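Have a look at the structure below before the remarks.
The values are calculated or read from the model by the stated rules, or taken from the named source; none is laboratory data. The structure presented is a predicted model; accordingly, all values stated were derived computationally and were not measured. No Cβ is skipped: glycine too gets one built from the backbone with ideal geometry, and neighbour counts run over all protein chains shown.
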Amino acid sequence: MRLKGKSALITGSARGIGRAFAEAYVREGAMVAIGDINLEAAEKTASEIGGNAYAVKLDVTDLASIEAAVKAVETRADRLDILINNAALFDLAPIVEISKASYD
């Protein structure tokens, strides 16, 4: 319970590595916001993790969405202690072949 009393927001955590982070943080006692562009998937993940997990709609490419997600976390948990920026898209290619559009 190393994270008891802490509040975390994990981007892109409805599945994959983000979900694994969320599961581990809940096990350690944190209240975890499952931040994802797909709110339905985030809600499903939060219900499956249970306990201190809850869903937050979050599009990391949209500043207003980011601000709204942080506000939702602060409203729900009274604070935000931990942020894991996990959300990303990746082109499977050598780094010199990834386009500027992919980085953007």
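Taken together, ALA72, ALA77, ALA14 contain a single residue that is among the hydrophobic types (A, V, I, L, M, F, W, C) and in contact with a helix residue (DSSP H, G or I) (Cβ under 7 Å, 6 or more places away or on another chain), which is ALA14. Taking region 58-74 as the range and being surrounded by fewer than 17 Cβ atoms within 10 Å (Cβ to Cβ) and either within 22 Å of ARG27 (Cα to Cα) or in contact with a strand residue (DSSP E or B) (Cβ under 8 Å, 6 or more places away or on another chain) (or both) as the test, the residues that pass are SER65, ALA68, GLU74.
Quick one: would you say LEU83 is without any contact (Cβ under 8 Å) to a residue 40 or more places away in the chain and either at negative phi or aromatic (Phe, Trp, Tyr) (or both)? Taking the combined requirement at face value, the residue does not satisfy it. Looking at the structure I just gave you, is THR45 over 12 Å from THR11 (Cβ atoms) and surrounded by 18 or more Cβ atoms within 10 Å (Cβ to Cβ)? Spelling it out, THR45 is indeed over 12 Å from THR11 (Cβ atoms) and surrounded by 18 or more Cβ atoms within 10 Å (Cβ to Cβ).
Here's the yes/no breakdown for (1) modelled with pLDDT of 95 or more; (2) more than 30 Å from SER102 (Cβ to Cβ):
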position	(1), (2)
ILE10	yes, no
ARG19	yes, no
ASN38	yes, no
LYS44	yes, no
SER47	yes, yes
VAL60	no, no
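Scanning region 24-75 for residues that are of a type in the set (Asp, Glu), more than 13 Å from the chain's Cα centre (by Cα) and outside any loop (DSSP other than H, G, I, E, B) yields GLU40, GLU48, GLU67, GLU74. Within region 29-42, the set of residues being in contact (Cβ under 8 Å) with a residue 12 or more places away in the chain and surrounded by fewer than 18 Cβ atoms within 10 Å (Cβ to Cβ) comprises GLY29, ILE37, ASN38, LEU39, ALA41. Is it true that ALA93 is of a type outside the set (D, E, K, R) and more than 12 Å from ILE34 (Cβ to Cβ)? Taking the combined requirement at face value, the residue satisfies it. The residues in region 1-23 that are within 16 Å of ASN86 (Cα to Cα), among the basic types (Lys, Arg) and not in a helix (DSSP H, G or I) can be counted, and the count is 1. Quick check: anything in region 82-98 at pLDDT 95 or above, surrounded by 14 or more Cβ atoms within 10 Å (Cβ to Cβ), part of a loop (DSSP other than H, G, I, E, B) and not aromatic (Phe, Trp, Tyr)? There is no residue in region 82-98 that is at pLDDT 95 or above, surrounded by 14 or more Cβ atoms within 10 Å (Cβ to Cβ), part of a loop (DSSP other than H, G, I, E, B) and not aromatic (Phe, Trp, Tyr).
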